[in-house]
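A.B. asks: Handing you a structure now.
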Amino acid sequence: MEQKAIYELLAAKLGEGALAWHEDEVEPWAEIAPAAIADACAFLREDRNTDFNQLMCLSGIDWDGYDEAGKGKSVAILGYDELGKPEVSERIADGDLGVAYHLYSHAQRHKFTLRVRVPRAVAEVPSVAHVWPTAAWHEREAWDLVGIRFTGHPDLRRMLLDEAWEGHPLRKDYMMPAKWAGVPMDGRPYADNPFPTPEPPAGGDQPGATGPAEA
Amino acid sequence: MVQYFQDIYAAVGSALVGMGVTIKHIWKKPVTLQYPDERQVMPPRFRGFVHNDMTKCDSCGICAKLCPVDCIYIETEGKGKDRYMTRYAIDYNKCIWCSMCTENCHTGSITMSHDYDHSVYDRRTLVYEFMDPTQQKIPCHRATREELGWWVEPKAEKKAAPAKPATKPEAKPEAAPEADAKPASPADEPSGDKGEDK
Amino acid sequence: MSRDAKTPPAGYDVQREHMLDFKVDQQLEQVVETDAKNFILTTVDEVFNWAKLSSIWPVTFGLACCAIEMMATSATRYDIDRFGAGAFRATPRQADLMIVSGTVTGKMAQRLKLIYDQMPEPKWVIAMGSCAIGGGPYFKYGYHVVKGVDQIVPVDVYVPGCPPRPEVLIEGLMRLQDKIRGRKGRFVTPKWVTDYAKKIPYRK
Amino acid sequence: MATGDKNLTGWADQDHVPGIKSELLELNMGPQHPATHGVLRLLLKTDGEIVYQVTPVIGYLHRCAEKIAEGVNYKQWVVYTDRFDYLAPVCCNHAYVTAVEKLLKPEVPERAEHLRIVTAELSRIASHLIALATFGLDMGAWTPLLYCFREREEILNLLERIAGGRMLYNYFVPGGVRYDVPDEQWIKDVLSFITMLETKKIKDYNDLLSYNKIFIERTADVGVIDAETAKAYACTGPVLRGSGVKFDCRRDDPYSVYHKFDFEIPVGMGEMGTVGDCWDRYMVRVREIEQSCRIIRQALDTLPEGPYQAIPLNKMVKVPAGAAYSRTESAKGEIGHYIISDGGQIAFRNKVRSPSFCNLQVVEKVGVGQMVSDLVALVGSLDIVLGEIDR
Amino acid sequence: MEILTAWLQGLPGFGGMSDQGLFITGAALMATLMFTVMALCAIVFTWMERKVAGFIQSRYGPMRTGRWHGWAQAVADMLKILGKEDIIPAEADKGLFVFAPLLVLLGSLLAWAAVPWAPGFSAANLDLGLFYIFAASSMVVMGILMAGWASNNKWALYGAARGAAQMVSYEIPLALATIPVIMHVGSLNTQDIVVAQQGGILNWFVLRDPFLFIAFWMYFIASIAETNRGPFDMPETESELVAGYHTEYTGMRFAFFFLAEYANLFLVSVIAVMVFLGGWWSPIPGLDFAPALTFVIKGVLMVFLNMWVRWTLPRVRVDQLMYLCWKVMIPVTLLCIVGSGVLMITSGALG
């Protein structure tokens, strides 16, 4: 099916929920209201014509600093500086968060892209884990890294980072930690080795500690 | 019941076939390369430790800029004609041997050598310093280099190179892709004639 | 040497020679000689040192890309078993050597420390690959990467490479053997590099 | 022996032996465990040998690659894609470069495409060899591991000659490949290697492992993933094909110039047990090696002359604004890159959908009711790479 | 033993000794000798294992320790293990933890007493020799069970449980497979069993009749399982149970397990030689110049066969292992007993 036609089907079903159709050159996509995304996915999964039985990818996105007009300017993300100390910034990000769903149908052999956008303050999207079981881990990952809370998810824990980790690293204003749970994350000076191991003496310098060649 | 005996037969038969394969290998000469005694001859494109020929380098900084891991440290002082390089170091705590620094070096000073085996006891020694600031500073500007008798990039070669859209002034002249110009430099690296153990 | 020298100072060539041309030196000859004679022994200490260095059992502890090279080192082509280090033990209790082969992340660092603590003395650690040595490519933006395993456990030998070739790991093992033997081996970085590097604790 | 039908729900509540309170044994498998292929951690709840619950815990190798993608430019990030699936790095390069080219739209020269396919397929063979090797190791067969590594070394040598690196190559650039074929001899060597692999080595593996009765007993009817489960969990690659679904990105969603070549898609047929068991997944890999050899031979026979880069190496890549999702068939399955560009040299967001991440998820479902030994077989047959799961 | 006491009596200083004193001195000497042989075989066979594995896998194995093909490798291993730190986990059951490796070692050491090395030369020439060997080597199970339990480690417990199940089960086919031979000989004395095979390769029990041939292979398979080696290394299963029952053992205590494994390996091999392969008799009659040497060479060949199998085959699963034991090997060995007995009767061997 044509992607446009799929969107029209979807729009007919969702009504208000389908916000817009973006006919991008590379990858057209449908913008869906956050509240309607679970319904939209369930519909696309169940409908015989669309039959999207595979969720290829689910990506959480932090849209902060992205210019919708295209000529966007990237927000320089923070890292560790050359000395390994975490860079600090006062900037507070204010852009939306978003989720993109890439669907594929094994039977119909067509793809479709859905996107939702939620304000940063809300950061809640309905879960689609009941539609595709594979979404469970993807959503956990999106929660972990981008900090989008998926309502109705059976087991929304952090996926990659530890439960005790602070912050969501893929947000544009994320600041790198210097230490976490006793583990240093910053680059220490090389001389600042907590376990200095002495270099072995050059051959033959110390009698007794040498091999039989000198003995 | 038939299945029972078939299974036993299959188990014994396949085990014997497998043992045939392994016993065959006992008589073959092992493929092992006995490393300290024997060394593999590296192909020309092999990427070992990065080497920078300091007599050629004019500290344009492209290598440091292109390095995906920021492992090249260049420090300069002065401006314009009085610009001198005071430090050129490669930090093997970070280097990933990707060869991106060598591709765009217009002077061809930075190359991947065929050396690869240097383990160390102290991590600090993995910062390979290519110059000693107490001894020498290297002029960066072309005119200064010419004046002081340092190696400069031959003009003719520069003109032969196809014009690039983003030609920059003296300090950063672009050159043709280094894709195939590689074999020239490693040829003189002491790769094969390493000291052998015995 | 003054700056207005007409020709490039000879020092650079010398440096380059130091840097790239590692000839058989006196030390190496001694080491090889020891290897050859190592079962003619003089003191108990030496017997045990020889035993320790001849039978270094690594723990099966693969972290990332370098783990595959560690496997390749133990596999057919390079065969680390030639050095008696082929008996990979799955349990740290029976191992002597931990090859930190790959990126150490924050989550893993605690485990790594635990495994190190479980190993019985005497024990050694080889940091294999850029990531284990100093964070490697994940230095700048790696919020979850420990910048150098020597902040967690003491490291005896650093094996550079990304990933290091199996030869380099074997070479690292030989350096470790030299260390156990109580003597510096070959292939260490040139002296001027060592000396100079000590003057600069870190960049600048 | 099928143990999957055992209903374990509510096990712990039952009173098995009157008067004795029984509870499940909690086992912590990994992150340092020989059978978890790296640093995967599996939390098991077992009743003796039977597994009651599996919970994979991942992230022990989370290397922040997606964050780095927002910090380094498009060409530099190629080196990080190498480190996702470090067993088949060229396939990962391919996935990323394809995604960038979707937005960039350079005229990738035909020769570059052929070289990409040759190296990617060689890399796929190397990856599958390791998959066979480690799967054999999980089953307790040591020797196939070393034989497979022996052949892998040959591939690495070939790739080293063309790309310079031994394991991680950094060979692809957006718009082409980094180097041309080194010499004619290289092509001959590749051809002779794949001939040797097809005629001799695969037979050895089959004799030694694939058709060994003990191996079949250990893997057939074990860890059965049926087609519906595989699709629902978005399993891809040999896992999906092992379940009998004939789907391969190279054929069904062609990229590069795969459409020009003639090859089969091997699927699991349940020869030794049920469709979708561990043996099927294993055998799909063995057969894919043969198909990869076919592709390589065709690609090298028809290797066109001409340039191999559309964009000079020293030119910075500026990708037009937009978003593109591209998927390619890596050795482990379908690897997808979702790139959002804002028109600069650095990606705005780069999400990687890694095949192992999705494939591993199925363990939670299929692993229940298996024996501990079978769980090892199941995880081994999924052929996961932690670098890709944790990224 | 008798030879030894006789020899001792001949020595100056021992002449006036009482019989009891002679016996005790002789026994002490013999025990020392046996222990040395055992330690030696552990050292030789670890080296051999690594070399055989190496060459099967198209590599070399140890090459650099000592000079010639790393012959000193196992010596270095042993010395190194002696120097390791000895860790007893805080949560472990200390008494059992310490005692278990000793028991394992004792089990295999005791069994060595009845092995007939040469005509008239065995540490203890017992009338129930074979029975005694099986009984003594059963103690290994206890040791493994104790080790697994005492370690307070779940993997170790798994290994121990598997090991106990496996070894107890495989004792049965192991013993049953030797019964046809005992029927032929009519004695459990190990010397008698070997003496009964005099007269060239055709008189060895393995080739006496087809049932004995099958019984030999049954014995071989059961012996692999009894020594916990691949494809039946369930108690250790490196890829499943980390290191099985000895997961928590370090240094010297681990060395005991290590020693016991290889001692056991050689033990079951020499029993196979003794029972089925003609003991110290050479294949060609009349060439029995060095009986003990012949015996050991045959034993080493059996060990090689064992290693060859180990490095070829994948591991079976624990339930399949039990299946193999109870549903295949025990019926087949019983069949061998019956068949061999019937053949004996029909050929008049009994009368």
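The values are calculated or read from the model by the stated rules, or taken from the named source; none is laboratory data. Owing to the predicted nature of the structure, the values given are computational and were not obtained by experimental measurement. Glycine gets a Cβ as well: all are built from the backbone with ideal geometry, and neighbour counts include every protein chain shown.
A.B. asks: Can you spot a residue in segment E:32-51 that is touching a His at 6+ places or on another chain (Cβ under 8 Å) and within 14 Å of chain C (Cβ to nearest Cβ)?
C.D. replies: Of the residues in segment E:32-51, the ones touching a His at 6+ places or on another chain (Cβ under 8 Å) are E:51.
After this cut, where a residue has to be within 14 Å of chain C (Cβ to nearest Cβ) as well, the list is E:51.
Yes, the conditions are met somewhere in segment E:32-51.
A.B. asks: Please verify whether segment D:274-293 includes one or more residues that are in contact with a Phe, Trp or Tyr (Cβ under 6 Å, 6 or more places away or on another chain), of a type outside the set (Ser, Thr, Tyr) and touching a residue at least 40 places away in the same chain (Cβ under 8 Å).
C.D. replies: no
A.B. asks: Follow-up question, since we're still on this one. Please give the number of the condition D:VAL257 fails out of (1) of a type in the set (A, V, I, L, M); (2) under 22 Å from the mean Cα position of the chain (by Cα); (3) within 12 Å of chain B (Cβ to nearest Cβ).
C.D. replies: The number of the failed condition is (3).
A.B. asks: Looking at segment A:32-49, which of its residues are buried (at least 16 other Cβ atoms within 10 Å of the Cβ) and of a type in the set (Asp, Glu)?
C.D. replies: A:ASP39
A.B. asks: May I pose another question? Of the residues in segment A:15-68, how many are of a type outside the set (Gly, Ala, Ser) and closer than 24 Å to A:THR134 by Cα? Working first, answer last.
C.D. replies: Initial filter on segment A:15-68 (of a type outside the set (Gly, Ala, Ser)): A:16, A:19, A:21-29, A:31-32, A:34, A:37, A:39, A:41, A:43-58, A:61-64, A:66-68.
When the remaining residues are screened for being closer than 24 Å to A:THR134 by Cα, the result is A:27-29, A:31-32, A:34, A:37, A:39, A:41, A:43-58, A:61-62.
Of the residues in that region, 27 qualify.
A.B. asks: Give the number of residues within segment D:228-274 that are closer than 30 Å to D:GLU107 by Cα and part of a loop (DSSP other than H, G, I, E, B).
C.D. replies: Within segment D:228-274, the subset closer than 30 Å to D:GLU107 by Cα is D:236-237, D:247-265.
Going one step further and asking which of them are part of a loop (DSSP other than H, G, I, E, B), we end up with D:236-237, D:247-248, D:253-257, D:261-265.
The qualifying residues number 14.
A.B. asks: Sticking with this one: Within segment D:196-217, identify whether any single residue is assigned to a helix (DSSP H, G or I), in contact with a Leu (Cβ under 8 Å, 6 or more places away or on another chain) and surrounded by fewer than 21 Cβ atoms within 10 Å (Cβ to Cβ), and answer yes or no.
C.D. replies: Taking segment D:196-217 first, the residues assigned to a helix (DSSP H, G or I) are D:196-210, D:213-217.
Pick out the ones that are also in contact with a Leu (Cβ under 8 Å, 6 or more places away or on another chain) and you get D:205, D:209, D:214-215.
From what is left, the residues that are surrounded by fewer than 21 Cβ atoms within 10 Å (Cβ to Cβ) are none.
No, segment D:196-217 has no match at all.
A.B. asks: Could you tell me which numbered condition C:ALA75 fails, if it satisfies all but one of (1) more than 15 Å from D:LEU146 (Cβ to Cβ); (2) within 8 Å of chain D (Cβ to nearest Cβ); (3) among the small types (Gly, Ala, Ser)?
C.D. replies: (1)
A.B. asks: From the list E:GLY286, E:GLY278, E:GLY339, E:GLY299, which one is at pLDDT below 85 and closer than 23 Å to E:PHE134 by Cβ?
C.D. replies: Working: E:GLY286 fails: closer than 23 Å to E:PHE134 by Cβ; E:GLY339 fails: at pLDDT below 85; E:GLY299 fails: at pLDDT below 85.
Exactly one of E:GLY286, E:GLY278, E:GLY339, E:GLY299 is at pLDDT below 85 and closer than 23 Å to E:PHE134 by Cβ, namely E:GLY278.
A.B. asks: Something else about it: Identify all residues within segment C:110-138 that are surrounded by fewer than 24 Cβ atoms within 10 Å (Cβ to Cβ), over 22 Å from E:GLY244 (Cα atoms) and among the aliphatic types (A, V, I, L, M); write none if there are none.
C.D. replies: none
A.B. asks: Determine if segment D:172-193 includes at least one residue that is in a helix (DSSP H, G or I), buried (at least 24 other Cβ atoms within 10 Å of the Cβ) and at pLDDT 85 or above. Break it down stepwise before answering.
C.D. replies: Residues of segment D:172-193 in a helix (DSSP H, G or I): D:184-193.
Still in the list and also buried (at least 24 other Cβ atoms within 10 Å of the Cβ): D:190.
Cutting the leftovers down to at pLDDT 85 or above gives us D:190.
Yes, some residue in segment D:172-193 is in a helix (DSSP H, G or I), buried (at least 24 other Cβ atoms within 10 Å of the Cβ) and at pLDDT 85 or above.
A.B. asks: How about segment D:141-168: which of its residues are in contact (Cβ under 8 Å) with a residue 40 or more places away in the chain and away from chain C (no Cβ under 12 Å)?
C.D. replies: Result: D:ALA141, D:LEU159, D:ILE162, D:ALA163.
A.B. asks: Same structure again: What is the one condition in (1) in a loop (DSSP other than H, G, I, E, B); (2) of a type in the set (A, V, I, L, M); (3) within 11 Å of chain A (Cβ to nearest Cβ) that D:ILE384 does not satisfy?
C.D. replies: (3)
A.B. asks: Oh, and also: For segment B:131-142, which positions are at pLDDT 75 or above and either at the interface with chain C (Cβ under 7 Å from one of its Cβ atoms) or not in a loop (DSSP other than H, G, I, E, B) (or both)? Don't jump to the end; show me each part of the working.
C.D. replies: Here is the first cut: in segment B:131-142, the residues at pLDDT 75 or above are B:138-142.
Passing the criteria: B:ILE138, B:PRO139, B:ARG142.
A.B. asks: It is to be established whether one or more residues within segment E:342-349 are surrounded by 19 or more Cβ atoms within 10 Å (Cβ to Cβ) and farther than 23 Å from D:LEU145 by Cα. Before you say what the answer is, go through the steps one by one.
C.D. replies: The first filter runs over segment E:342-349 and keeps only residues surrounded by 19 or more Cβ atoms within 10 Å (Cβ to Cβ), leaving none.
Looking through segment E:342-349, none of the residues is surrounded by 19 or more Cβ atoms within 10 Å (Cβ to Cβ) and farther than 23 Å from D:LEU145 by Cα.
A.B. asks: Does C:PRO160 fit the bill of being at the interface with chain B (Cβ under 8 Å from one of its Cβ atoms), under 13 Å from the mean Cα position of the chain (by Cα) and touching a residue at least 40 places away in the same chain (Cβ under 8 Å)? Give the derivation first.
C.D. replies: On the way: at the interface with chain B (Cβ under 8 Å from one of its Cβ atoms): yes; under 13 Å from the mean Cα position of the chain (by Cα): yes; touching a residue at least 40 places away in the same chain (Cβ under 8 Å): no.
For C:PRO160, the condition - at the interface with chain B (Cβ under 8 Å from one of its Cβ atoms), under 13 Å from the mean Cα position of the chain (by Cα) and touching a residue at least 40 places away in the same chain (Cβ under 8 Å) - is not met.
A.B. asks: Something else now. What's the number of the only condition in (1) more than 20 Å from the chain's Cα centre (by Cα); (2) free of Cβ contacts under 8 Å to residues at least 12 places away in the same chain; (3) not in a loop (DSSP other than H, G, I, E, B) that E:THR36 fails to meet?
C.D. replies: Looking at each condition in turn, E:THR36 falls short on (1).
A.B. asks: Return yes or no: is D:SER373 under 18 Å from D:PRO34 (Cα atoms), in contact (Cβ under 8 Å) with a residue 24 or more places away in the chain, more than 9 Å from chain A (Cβ to nearest Cβ) and of a type in the set (Ser, Thr, Tyr)? Give the derivation first.
C.D. replies: Numbers: under 18 Å from D:PRO34 (Cα atoms): yes; in contact (Cβ under 8 Å) with a residue 24 or more places away in the chain: yes; more than 9 Å from chain A (Cβ to nearest Cβ): yes; of a type in the set (Ser, Thr, Tyr): yes.
Considered against the rule, which asks whether it is under 18 Å from D:PRO34 (Cα atoms), in contact (Cβ under 8 Å) with a residue 24 or more places away in the chain, more than 9 Å from chain A (Cβ to nearest Cβ) and of a type in the set (Ser, Thr, Tyr), D:SER373 comes out as yes.
A.B. asks: If I ask for residues that are in contact (Cβ under 8 Å) with a residue 12 or more places away in the chain and out of contact with any Phe, Trp or Tyr (no Cβ under 9 Å at 6 or more places or on another chain), which ones from segment E:131-142 would you list? Working first, answer last.
C.D. replies: Here is the first cut: in segment E:131-142, the ones in contact (Cβ under 8 Å) with a residue 12 or more places away in the chain are E:131-134, E:136-142.
Of everything in segment E:131-142, those that are in contact (Cβ under 8 Å) with a residue 12 or more places away in the chain and out of contact with any Phe, Trp or Tyr (no Cβ under 9 Å at 6 or more places or on another chain) turn out to be E:PHE131, E:TYR132, E:PHE134, E:SER137, E:SER138, E:MET139, E:VAL140, E:VAL141, E:MET142.
A.B. asks: Being within 11 Å of chain D (Cβ to nearest Cβ) and touching a Cys at 6+ places or on another chain (Cβ under 9 Å) narrows it down to one of A:TYR66, A:TYR101, so name that one. First the steps, then the outcome.
C.D. replies: Values: A:TYR66 fails: touching a Cys at 6+ places or on another chain (Cβ under 9 Å).
When all the criteria are applied, what remains is A:TYR101.
A.B. asks: Here is a further query. Mind listing just one residue for me: the one in segment A:145-177 that is more than 9 Å from chain D (Cβ to nearest Cβ) and either under 10 Å from the mean Cα position of the chain (by Cα) or not in a loop (DSSP other than H, G, I, E, B) (or both) and, of those, surrounded by the fewest Cβ atoms within 10 Å (Cβ to Cβ)?
C.D. replies: Applying the filter and picking the extreme gives A:THR151.
A.B. asks: Would you mention how many residues in segment E:78-93 are in a loop (DSSP other than H, G, I, E, B) and closer than 10 Å to C:PHE48 by Cα?
C.D. replies: Restricting attention to segment E:78-93, the residues satisfying the condition of being in a loop (DSSP other than H, G, I, E, B) are E:83-93.
With closer than 10 Å to C:PHE48 by Cα added as a condition, the list becomes E:83.
Counting residues in segment E:78-93 that are in a loop (DSSP other than H, G, I, E, B) and closer than 10 Å to C:PHE48 by Cα gives 1.
A.B. asks: Among the residues of segment E:94-102, is any under 23 Å from the mean Cα position of the chain (by Cα), more than 30 Å from E:ALA160 (Cβ to Cβ), more than 9 Å from chain C (Cβ to nearest Cβ) and crowded, with 18+ Cβ neighbours inside 10 Å?
C.D. replies: No, the conditions are met nowhere in segment E:94-102.
A.B. asks: Out of the residues in segment E:131-181 that are buried (at least 18 other Cβ atoms within 10 Å of the Cβ) and β-branched (Val, Ile, Thr), state the one that is nearest to the chain's Cα centre (by Cα).
C.D. replies: E:ILE133
A.B. asks: Looking only at segment D:82-110, count every residue that is under 22 Å from D:THR134 (Cβ atoms) and within 13 Å of chain B (Cβ to nearest Cβ) and tell me the total. Break it down into steps so the answer makes sense when it comes.
C.D. replies: At the first step, the residues of segment D:82-110 found to be under 22 Å from D:THR134 (Cβ atoms) are D:82-92.
From the residues that got through so far, the ones that are within 13 Å of chain B (Cβ to nearest Cβ) too are D:82-83, D:86, D:89.
So the count comes out to 4.
A.B. asks: Same structure again: Return the only residue of E:LEU128, E:LEU145, E:LEU110 being out of contact with any Pro (no Cβ under 6 Å at 6 or more places or on another chain), closer than 30 Å to D:LEU27 by Cα, touching a residue at least 12 places away in the same chain (Cβ under 8 Å) and not β-branched (Val, Ile, Thr).
C.D. replies: Values: E:LEU128 fails: closer than 30 Å to D:LEU27 by Cα; E:LEU110 fails: closer than 30 Å to D:LEU27 by Cα.
E:LEU145 is the lone residue from the list that is out of contact with any Pro (no Cβ under 6 Å at 6 or more places or on another chain), closer than 30 Å to D:LEU27 by Cα, touching a residue at least 12 places away in the same chain (Cβ under 8 Å) and not β-branched (Val, Ile, Thr).
A.B. asks: Quick one: which of C:LYS113, C:LYS147 is more than 7 Å from chain B (Cβ to nearest Cβ), farther than 16 Å from B:VAL69 by Cα and not polar (S, T, N, Q)?
C.D. replies: Values: C:LYS147 fails: farther than 16 Å from B:VAL69 by Cα.
Only one candidate passes the filter, namely C:LYS113.
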